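What follows is a short report on a single structure.
The values are calculated or read from the model by the stated rules, or taken from the named source; none is laboratory data. Please read all numbers here as calculations on a predicted model, not as lab measurements. So basically every Cβ, Gly included, is an ideal-geometry build from the backbone, and we count neighbours across all protein chains shown.
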Amino acid sequence: MFLIPDAAPAPAPAAVRRTLPGRLAIAATLVLGAGAAFANPDAWRAEWPQTDFSRSTVDLSEIISGGPPKDGIPAIWEPEFRSVDSETRLDDREPVMTLEIESDARAYPVRYLMWHEIVNDEVGGMAVAVTFCPLCNSAMAFEAQVDGEHRSFGVSGKLRHSDMVMYDRETESWWQQATGQGIVGHHAGDRLESVPAWMESWAEFRSRNPDGLVLDEPNWRRAYGQNPYVGYDTSERPFLYRGEDPPHGISPLARVVRVEDRAWTFERLRTEGEIVEAGVRLNWTSGQASALDSESIAAGRDVGTVRVRDAATGDDLPHDIPFAFAFHAFWPDGTWMLGD
């Protein structure tokens with residue numbers, strides 16, 4: 001969240017590898033040390049004159065700056081796509097976020113989501129916001145409308161429980177990316193409808209959707225294909241997180257599969273291959289690289305692909321694959337599906 005403001009050029013890959021730990025430590029010290037200032041709406045109003053700070057559903061002291069200002073991480077407003085058979089830059093193992101709506105299949109490579117975090121698009125006639133928060137590994141797609149009115153989304157530069165706070169351009173309300181809930185402003189208390197989407201390898205998407213579309217490389221100076229958070233998903237602590245660790249001895253940065261308020265650990269799912277519980281069928285297959293491991297996303301260790309379907313109908317279900325700390329932070333009373 002803190003690395004690259006809008007006007008700054010992307011650092012060289014070697015520089016990213018060398019300086020990330022220091023930048024993380026310095027940024028965390030500065031932001032956490034100034035937490036009270038960052039949580040003061042009076043200091044936010046100049047940047048957010050249209051936001052109604054009298055309306056909120058959360059404790060504002062939980063919201064801090066991630067580093068960049070509003071739109072410092074530029075969301076994609078007018079995405080361009082290319083055909084699957086014309087894409088040559090992606091490695092087979094690279095993760096993409098997939099939406100398949102009304103025979104319209106689109107892949108959003110994480111190499112681009114890593115640097116832009118939100119893509120505003122229309123898929124199968126539905127306006128959607130495709131979102132990814134690297135600090136929480138939360139990848140969610142939402143129907144981009146509230147009470148029948150279209151909304152378009154940008155990156156506020158703020159974090160809550162280390163998760164991106166989005167904003168909509170129409171009312172400048174703030175939204176929690178991990179939950180789709182409006183937390184500050186006109187839309188406080190409203191919730192975006194989740195759309196079934198999932199992370200899979202580029203090879204998996206390409207094989208299943210030879211006539212599909214893939215997001216083209218945005219026209220920004222960014223180190224696409226490089227991971228600016230080298231080694232993050234094997235770190236001991238999340239960046240800019242002040243909450244409790246998850247229970248049951250689960251590592252804060254362990255991946256889990258979240259369906260509503262239930263979570264299954266990746267460790268269990270990898271071991272069993274398939275789990276059918278609580279009306280949900282989960283399947284795990286190898287072949288997808290972690291985007292938050294090595295310097296090159298394509299070289300990340302194999303974390304595999306998870307598909308989440310209704311056990312009775314086989315329909316894809318909305319879900320997320322956050323880190324365990326994020327599930328615990330946003331669903332503190334959620335159920336951990338640990339098996340026997």
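Which of (1) in contact with a helix residue (DSSP H, G or I) (Cβ under 7 Å, 6 or more places away or on another chain); (2) surrounded by fewer than 22 Cβ atoms within 10 Å (Cβ to Cβ); (3) closer than 20 Å to Val308 by Cβ does Pro196 not meet, given it meets every other one?
In the conditions (1) in contact with a helix residue (DSSP H, G or I) (Cβ under 7 Å, 6 or more places away or on another chain); (2) surrounded by fewer than 22 Cβ atoms within 10 Å (Cβ to Cβ); (3) closer than 20 Å to Val308 by Cβ, Pro196 misses (1) alone.
Yes/no matrix, rows are residues, columns are (1) over 29 Å from Asp302 (Cα atoms); (2) modelled with pLDDT of 95 or more; (3) among the charged types (D, E, K, R):
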site	(1), (2), (3)
Ile118	no, yes, no
Ala127	yes, yes, no
Ala141	no, yes, no
Glu149	yes, yes, yes
Leu159	no, yes, no
Gly185	yes, yes, no
Ala188	yes, yes, no
Val195	no, yes, no
Ser201	no, yes, no
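I'd like to know if the range 294-303 contains one or more residues that are under 17 Å from the mean Cα position of the chain (by Cα), modelled with pLDDT of 95 or more and in a helix (DSSP H, G or I). Before the answer, list the steps.
Here is the first cut: in the range 294-303, the ones under 17 Å from the mean Cα position of the chain (by Cα) are 297, 303.
From what's left, modelled with pLDDT of 95 or more: 297, 303.
Filter once more, keeping what is in a helix (DSSP H, G or I): 297.
Yes: one or more hits.
List the number of the failed condition for Glu274; all other conditions in (1) farther than 15 Å from Ala329 by Cα; (2) of a type in the set (D, E, K, R); (3) touching a residue at least 12 places away in the same chain (Cβ under 8 Å) hold.
(3)
Considering only the range 268-279, I want to know if a residue exists there that is at pLDDT 95 or above, aliphatic (A, V, I, L, M), under 27 Å from Pro228 (Cβ atoms) and surrounded by 18 or more Cβ atoms within 10 Å (Cβ to Cβ).
Looking for residues that are at pLDDT 95 or above, aliphatic (A, V, I, L, M), under 27 Å from Pro228 (Cβ atoms) and surrounded by 18 or more Cβ atoms within 10 Å (Cβ to Cβ), one finds none in the range 268-279, hence no.
I need a count of the residues in the range 134-161 that are touching a Gly at 6+ places or on another chain (Cβ under 8 Å) and polar (S, T, N, Q).
0
Tell me yes or no: at least one residue of the range 241-261 is closer than 18 Å to Arg93 by Cα, in contact (Cβ under 8 Å) with a residue 24 or more places away in the chain and in a loop (DSSP other than H, G, I, E, B).
Among the residues of the range 241-261, not one is closer than 18 Å to Arg93 by Cα, in contact (Cβ under 8 Å) with a residue 24 or more places away in the chain and in a loop (DSSP other than H, G, I, E, B), which makes the answer no.
Write out, first by first residue and then by second, each pair whose Cβ atoms fall under 9 Å of each other, whose residues are 6+ apart or on separate chains, and whose first residue, in the range 83-104, is within 20 Å of Ile321 (Cα to Cα) and at pLDDT 95 or above while the second is of a type in the set (Asp, Glu) and assigned to a strand (DSSP E or B).
Arg93/Asp302; Pro95/Glu200; Val96/Glu200; Met97/Glu200; Thr98/Glu200; Leu99/Asp121; Glu100/Asp316
Within the range 222-238, take every residue that is in a helix (DSSP H, G or I) and more than 26 Å from Glu87 (Cβ to Cβ) and give me the one that is nearest to the chain's Cα centre (by Cα).
In this case the residue turns out to be Tyr232.
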